[in-house]
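As structure tokens, the structure follows; a few thoughts come after it.
The values are calculated or read from the model by the stated rules, or taken from the named source; none is laboratory data. Owing to the predicted nature of the structure, the values given are computational and were not obtained by experimental measurement. Cβ atoms come from the backbone with ideal geometry, glycine included; neighbour counts cover every protein chain shown. In case anyone asks, the SASA skips ligands and DNA or RNA and just uses the protein heavy atoms, side chains included. Shrake-Rupley method; radii C 1.70, N 1.55, O 1.52, S 1.80 Å.
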Amino acid sequence: MTRIDDTPPSWDERTQLTTFLDYARDTARAKCAGVSAENARKAVLPGSPLMTMSGVINHLRWVEYYWFRVVFLGEEDRGPWTEEDPDREMRIAVDFPLTQLLDEYAEHSAHHRELVAGSGLDERARRAVRDGLHVDLRWILLHLTEETARHNGHLDILRELLDGTTGDQGLG
């Protein structure tokens, strides 16, 4: 399902939170529509050599994995990052077609959507994030919405610098 706006179909808290996250996810995907394979891998910001459209999408995919699977569910961290290369998910993204990264992001988002639907907003994460703090699912949803929206701004800048495309790219 692609959201064309951020208006929820109902006004309960869960629907509002998930609608905003879905809208941010769909916006990220829309920002990538029609970008060439070459441009998807190109870093155009001199101070940010890992900031590519592919890198941002792969980062968003793995950020959701980390917060939902590792923090919330307490699963073993099997992300691509290492202590030596904490931004590896952005570095390796250029080795894959953007279409594949977008498909994986959508597929994982769908699994996370099911996880959220079956969990209470007050349910606490199994893994502490800092100082022994176990955030609740509500906080994770808010955090991921903020993270995704912030990176949508990066995608806006990258896209404009890469090929001049600006605007909503079909989001309404």
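Need one word for region 16-65: rounded, prolate or oblate. Basis is the Cα gyration tensor (sqrt eigenvalues a ≥ b ≥ c); a/c below 1.5 gives rounded, then a/b vs b/c decides.
Note, shape of region 16-65 comes out prolate.
With protein chains left intact and a 1.4 Å probe, residues in region 1-147 average 52 Å² of accessible area per residue. For the chain, the 222 nm mean residue ellipticity estimated from helices alone, with every DSSP H stretch of n ≥ 4 adding -39500 (n - 2.57) and the total spread over all residues, rounds to -16500 deg cm²/dmol.
Calculated from the alpha-carbon coordinates, region 102-172 shows an Rg and a Dmax of 16.1, 46 Å respectively. Fully extending the segment from residue 4 to residue 160, taken as 0.36 nm per residue of separation minus the present Cα-Cα distance, adds 54.1 nm. Charged side chains reduced to their Cβ positions (Lys and Arg at +1, Asp and Glu at -1) give region 104-172 a dipole of some 340 debye around its Cα centre.
Give me the percent relative contact order of region 30-172, please, defined on Cα pairs under 8 angstrom at least 6 residues apart.
32 percent
For the listed peptides 133-146, 68-81, a ranking on the average number of other beta carbons within 10 Å per residue, highest first, reads 133-146, 68-81. When 157, 92 are compared by accessible area of protein heavy atoms, the largest-first order is 157, 92, using a 1.4 Å probe.
For the chain, taking the reciprocal of the average inverse distance between every pair of different Cα atoms yields a Kirkwood hydrodynamic radius of 16.7 Å. Rolling a 1.4 angstrom probe over region 23-76 with all protein chains present gives an accessible area of which 55% lies on carbon and sulfur atoms. Among 148, 52, 82, the largest mean-square fluctuation in a Gaussian network model of the chain (Cα springs under 10 Å) belongs to 82. A simple charge model with +1 on the Cβ of Lys and Arg, -1 on the Cβ of Asp and Glu and nothing else charged puts the dipole of region 12-92 at about 420 debye relative to its Cα centre.
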